Amino acid sequence: MDDTTTHEAPPGATPPAPSAEGGPLTQERILDTLKHVIDPELGINIVDLGLVYEVEITPEGVVRIEYTLTTMGCPIGPLIEHQMESFLSGVPGVTSVEPEMVLRPAWSPEMMSEEAKAALGYF
């Protein structure tokens, strides 16, 4: 049995924006690019830290990112957003980046990848 599912675009729908390889932008490609955004206090990327909650890509190439910080009073929000915009602006097909910081759900160490936990000695 084949587990692949194809989804037909509705009539009149705009096709996804192209990526560097000429195919559509994907959430995986955006998350891979966001792995270059490093939390300056912890030295680990924001994806592995579990700070990126949601990525939405519109057919026009607008990338909306819902993210959080490790603590409510953390002052690095503007730096993180600037880095997101800077790295993603170099991805072909991305027309704009709209980061949005949210505080719910609150971040916790359990949200980190296994690699981030190991790097920080969190067991």
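The set of residues from segment 95-121 being of a type in the set (Gly, Ala, Ser) and within 17 Å of MET72 (Cα to Cα) comprises ALA106, SER108.
Out of segment 39-94, which residues are within 16 Å of TRP107 (Cα to Cα), assigned to a loop (DSSP other than H, G, I, E, B) and either open to solvent by less than 60 Å² (accessible area, probe 1.4 Å) or among the aromatic types (Phe, Trp, Tyr) (or both)?
Residues satisfying the conditions are ILE46, VAL47, ASP48, LEU49, GLY50, LEU51, THR68, LEU69, THR70, CYS74, ILE76.
Take ILE30 and tell me if it is closer than 17 Å to VAL97 by Cβ, in contact (Cβ under 8 Å) with a residue 24 or more places away in the chain and not in a helix (DSSP H, G or I). Judged against the criteria, ILE30 is not a match.
The values are calculated or read from the model by the stated rules, or taken from the named source; none is laboratory data. Treat the numbers as computed from the prediction; the structure is a model and nothing was measured. Using ideal geometry, Cβ is built from the backbone for each residue, glycine included, and neighbour counts are taken over all protein chains shown. Just the protein is used for accessible areas: all its heavy atoms, side chains included, with ligands, DNA and RNA removed. Shrake-Rupley method; radii C 1.70, N 1.55, O 1.52, S 1.80 Å.
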